[in-house]
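**Student:** Can you keep this structure in mind? I'll have questions shortly.
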């Protein structure tokens, strides 16, 4: 996030320097309108307009990311609960199996020693 802010600040400085160096009056024709404005105003206005156009897209992206994060957190929670359930259900059976195998191993050791 800080990287984006730094890049944005550098970009803003370049725009400001460019606008100050191009301060001559420009005539703008748009449909039936004619405006005489400083090129600096046109440049800064265009940059501002671009920013305003991008803000809704950024908001939509952030909302989607937030929803996806929430969905993934819920999935993690469910999987943790499922893991705990499996541990509770399987643990007693596994302990019994381990005891049986240990008894067989002890029996095999005794038969080998004889």
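**Student:** Just one of 52, 72, 44 is under 38 Å from the mean Cα position of the chain (by Cα), surrounded by fewer than 10 Cβ atoms within 10 Å (Cβ to Cβ) and at pLDDT 80 or above; which is it?
**Tutor:** Working: 72 fails: surrounded by fewer than 10 Cβ atoms within 10 Å (Cβ to Cβ); 44 fails: surrounded by fewer than 10 Cβ atoms within 10 Å (Cβ to Cβ).
52 is the lone residue from the list that is under 38 Å from the mean Cα position of the chain (by Cα), surrounded by fewer than 10 Cβ atoms within 10 Å (Cβ to Cβ) and at pLDDT 80 or above.
**Student:** Do you know which residues across the range 1-59 are free of Cβ contacts under 8 Å to residues at least 12 places away in the same chain and not in a helix (DSSP H, G or I)?
**Tutor:** Answer for the range 1-59, where residues must be free of Cβ contacts under 8 Å to residues at least 12 places away in the same chain and not in a helix (DSSP H, G or I): 1, 27, 29, 30, 31, 32, 33, 34, 35, 36.
The values are calculated or read from the model by the stated rules, or taken from the named source; none is laboratory data. As the structure is a prediction and not an experimental result, all values here were calculated from the model. We place every Cβ from the backbone using ideal geometry, glycine too, and count neighbours over all the protein chains shown.
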